[in-house]
Amino acid sequence: MTNGPAVLVDGLGKTYPGGVRAVDGISFAVERGEFFGFLGPNGAGKTTTIKILATLLPKSEGRVEVAGLDVIREPKAVRQAIGVALQEVGLDDLSKGRDFLELQGLLYGLSRAEARMRAGELLELVGLSSVADRKVGSYSGGMRRRIDLAGALMHNPGVLFLDEPTTGLDPQSRIAVWEHLEELNAQGVTIFLTTQHMDEADRLCRRLAIIDHGRLVAEGSPAALKAGVGGDIVHVAFDADDSAEDRVAAALAAVRALPGVRQADLAAGGLTATVSDGGAAAPAIMSAFQDAGLSIANLSITRPSLDDVFLQHTGRQIRDSDADGDAEDRMWSQWMGVNRR
Amino acid sequence: MLVLRESYFIYVRNLKTWLAQPWMIVAAVLSSAFMFLFFGEPLRGITALPGFPADDYQAFLAAMVIVMAVVFSGSDMAMVLLTDMMSGYVDKLLLSPVNRFSILLGTLLIGGTRAMAQVLAIILVATAIGVRFEGGVLGILAVIVGATLLGVAMGCVGLIVAMRTRSVQVTVNSWLLFMPLAFLTSAFMPRDLLTGWFQVAVGLNPIEYIMVAVRAVIIEGWVWDSILPGIWVLLATTVVLVGAATYEYRRATN
């Protein structure tokens, strides 16, 4: 690897043919050895960015260097320096797990003996030795993610790009993948990960960038981002049907006008407010709802989470903000094998 | 040299994928055997027509069965590539530092291999039902080599269809594209016994010249007047289509 940060992105933009602006002038850097998270809802531009970094997609403008190499001028050297596991997993269902890994190794220039040895080590590492000679098509979702991760590691890359590595996994498999990633990072591998899961970003990443509609809206360590929300979060769940729209608006306006309330938004069947002191603000918020004629089902006061960071910067909650349709659409597009970008 | 090494790895992977689907192979062989059964049997009386060049209709038909199988293998190759594109496996290959041409070469060579294996099977079936190859063992070898080249060429057409459309419904039905190539020929009857616009169209179809050459090797032996045009057309078709597929591939992967 040459000098320079693991990833350097300066003014990156991507407009797809047809005019969709997926990435709109973003800049950031990832230092070597860092565990960096790229957080955002579906359709925010995460996958487009990772595909550009991994040389799979041409950029429209800006400068992109990976492992100190320009992705346009030296794509081959970049490919050799990085390992990539994308969301559309790209496994070879008819090949055996071991054969899949060995071929990955050979394609990255390992000798046969090296490839065989490395495949054995990695199968052990990701806990797939017992199914190494079964066809990949017979693997469960979690096993597929792990064999894909192993494939990305065959040539000992210094930088690892992972696009939503745990989406669709059961809790146990997620934790297994997290542990592998933490171990790799501890060994010095730079990890660039995209995710739409706040808990994942919070647990794994030492630094985060939040992307929404193709733009970076915040950047920093999870702790700093949460501290930046400033204060406590009060969440109020209330009973209201469609006819209560005016009363809800009145309650929202009243809450926003209260002293100590920095921000208040409606989201996920309730109201979320950022306040300087949760204990002091709660009674006033309750009476604002009573005055508006709404009954409160539940009120909670919490320290800020990354969800709140996202809400603070975008005015929406991440799970409300799928930019490319509802969950069913996404399922179909995956089922039909259509590339999600 | 590196390209050859990389192409070989990708080729072996494609070969394993093909062999892991034995029904694809069984179906290909059966469909050829059915051609002899369902066309050869009912039409055998055609040999009585004045000017018909063969005594055994199955021997006449063998060229059609061989060429048709190879032409339609292009449609199979389109589906093979589309499957890899949809599963994301092509992206996986493109993410690796291998030369782009190695990926294309490893894919085209499997098209040739599939055509070669299928033609070998057809020749065995034909021999079993009594077809004699006048061109001898050398003739059989020549037909197999030619079929392999044609398999590569038709594979190129399949790749272009898959890469251009990226659509399952188009690719699954791409055999429609190959149908006129295979059947606007002297498949069932020699060209001078055909009439009207059909005879003209057959004369314009490059596959016809390849079929005539294959048939000559089977029913007449080394009649160069019939064989040479087929060889030139085959070489030209292969060069043009490999060029087109390479261009298309560069366009799609850059």
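The values are calculated or read from the model by the stated rules, or taken from the named source; none is laboratory data. Only a predicted model underlies this, so the values are computations on that prediction, with no experimental measurement involved. Don't worry about glycine lacking a Cβ; one is built from the backbone with ideal geometry, like all the others, and counts go over all protein chains shown. Only protein heavy atoms, including side chains, enter the accessible area calculation; ligands, DNA and RNA are left aside. Shrake-Rupley method; radii C 1.70, N 1.55, O 1.52, S 1.80 Å.
Hey, any idea what Rg/Rh is for the stretch B:58-175, computing Rh the Kirkwood way over Cα pairs?
On the way: Rg = 16.3 Å, Rh = 15.2 Å.
When Rh is taken as the Kirkwood radius, the ratio is 1.07.
Using a probe radius of 1.4 Å on heavy atoms only, what accessible surface per residue do you get for the stretch A:46-152? Whole Å² is fine.
36 Å²
By how many nm would the segment from B:Asp55 to B:Phe38 grow when fully extended, if each residue of separation counts as 0.36 nm and the alpha-carbon distance is taken off?
That pair, B:Asp55 and B:Phe38, stretches by 4.3 nm at full extension.
For the protein assembly as shown, what number results from the quotient of the Cα radius of gyration and 2.2 N^0.38 Å?
Expressed relative to 2.2 N^0.38 Å, the Cα Rg reads 1.26.
When the dipole is taken about the Cα centre of the stretch A:114-196, and only Lys, Arg (+1) and Asp, Glu (-1) are charged at their Cβ, what size is it in debye, to the nearest 20?
Dipole of the stretch A:114-196, to the nearest 20 debye: 280 debye.
Per-residue accessible area for A:Lys51 at 1.4 Å probe radius, Å² rounded to 10?
Per-residue accessible area (A:Lys51): approximately 10 Å².
I'd like the distance separating the alpha-carbon centroids of the stretch A:1-68 and the stretch B:39-97, in whole Å.
46 Å
Return a whole-number percent for the relative contact order of the stretch A:1-131, with Cα pairs under 8 Å and 6 or more residues apart as the contact set.
Worked out over the stretch A:1-131, it gives 22 percent.
Can you compute the modelled spin-label distance between B:Leu2 and B:Leu176, with each label point 7 Å from Cα toward Cβ, in nm?
The modelled label-to-label distance comes out at 4.4 nm.
Going from most exposed to least, what order do B:Ser226, B:Ser75 have by accessible area with a 1.4 Å probe?
So, going from the largest accessible area down, we get B:Ser226, B:Ser75.
Positive end of the charge dipole of the protein assembly as shown (Lys, Arg +1 and Asp, Glu -1 on Cβ, about the Cα centre): tell me which of B:Asn14, B:Ser186, A:Ile285 has its Cα farthest that way.
The one lying farthest along the dipole's positive direction is B:Ser186.
Set the bar at 24 Å for Cα to Cα. Now go through A:Lys46/B:Lys92; A:Lys76/B:Lys16; A:Lys14/A:Lys226; A:Lys59/A:Lys96 and name every pair that lies beyond it.
A:Lys76/B:Lys16; A:Lys14/A:Lys226; A:Lys59/A:Lys96
With a cut-off of 8 Å between alpha carbons and a minimum separation of six or more residues, what is the relative contact order of chain B in percent? List each step's numbers first, then the result.
Details: 338 pairs, mean separation 67.4, N = 254.
This gives 27 percent for chain B.
Put a dot 7 Å past each Cα toward the Cβ at A:Arg203 and B:Val26; how far apart are the dots in nm?
4.6 nm
Roughly how many nanometres apart are two label points built 7 Å out from the Cα toward the Cβ at A:Asp291 and B:Val168?
Rounded to a tenth, the inter-label distance reads 5.8 nm.
What is the antiparallel percent of DSSP beta bridges lying wholly in chain A, to the nearest 5?
70 percent
Please give the direction-averaged projected area of the C-alpha convex hull for the stretch A:116-198, in square nanometres with one decimal.
Over every viewing direction, the Cα hull of the stretch A:116-198 projects on average to 5.6 nm².
Just the accessible area for B:Leu138, please: 1.4 Å probe, Å², rounded to the nearest 10?
Rounded to the nearest 10, that gives 120 Å².
Over all pairs of distinct alpha carbons, what does the Kirkwood formula give as the hydrodynamic radius of chain A, in Å?
Radius from the Kirkwood sum: 21.9 Å.
Starting from the alpha-carbon convex hull of the stretch A:231-303, give the projected area averaged over all orientations, in nm². Intermediate values should be presented prior to the final figure.
Details: hull surface 16.3 nm².
So the Cα hull casts an average projection of 4.1 nm².
Placing unit charges on C-beta atoms (Lys and Arg positive, Asp and Glu negative, everything else neutral), compute the dipole magnitude of the stretch A:52-150 about its Cα centre in debye, rounded to 20.
For the stretch A:52-150, the charge dipole is close to 100 debye.
Any residues in the stretch A:105-144 that have 50 Å² or more less accessible area with all protein chains than in their chain alone, probe 1.4 Å, and which are they?
Correct list: A:Leu107.
Hey, what angle do you get for helix B:206-215 against the long axis of chain B, alpha-carbon based, 0 to 90 degrees rounded to 10?
60 degrees
Placing unit charges on C-beta atoms (Lys and Arg positive, Asp and Glu negative, everything else neutral), compute the dipole magnitude of chain B about its Cα centre in debye, rounded to 20. Write down the numbers at each step before the final one.
On the way: 14 positive and 13 negative charges, 181 e Å.
Value, rounded to 20: 860 debye.
Could you compute the FRET efficiency for A:Glu219 and B:Ala236, with r as their C-beta to C-beta distance and R0 at 45 Å, rounded to 0.05?
Working: r = 59 Å, r/R0 = 1.31.
Efficiency at R0 = 45 Å is approximately 0.15.
Checking an interface number: how much accessible area is buried between A and B, summed over both chains, with a 1.4 Å probe, in Å² rounded to 100? Kindly include the intermediate steps, with their values, before the conclusion.
On the way: alone 15370 and 12520 Å², together 25600 Å².
Approximately 2300 Å², summed over both chains.
Using +1 at the Cβ of each Lys and Arg and -1 at the Cβ of each Asp and Glu in chain B, identify which of B:Ile103, B:Gly88, B:Phe39 lies farthest towards the dipole's positive end.
B:Gly88
I want to verify the translational diffusion coefficient of chain B in µm²/s; compute it with Stokes-Einstein, Rh as the Kirkwood radius over Cα pairs, at 25 °C and 0.890 mPa s. Could the numbers behind the result be given before it?
Values: Rh = 18.8 Å.
Calculated translational D: 131 µm²/s.
Of all DSSP beta bridges in the protein assembly as shown, what percent run antiparallel (nearest 5)? Please list the in-between numbers first.
Values: 39 of 57 bridges.
Expressed as a percentage, antiparallel bridges in the protein assembly as shown total about 70.
Putting +1 on Lys and Arg Cβ atoms and -1 on Asp and Glu Cβ atoms, find which of B:Leu141, B:Val67, B:Thr171 reaches farthest to the positive end of the dipole of chain B.
Checked the options; the winner is B:Thr171.
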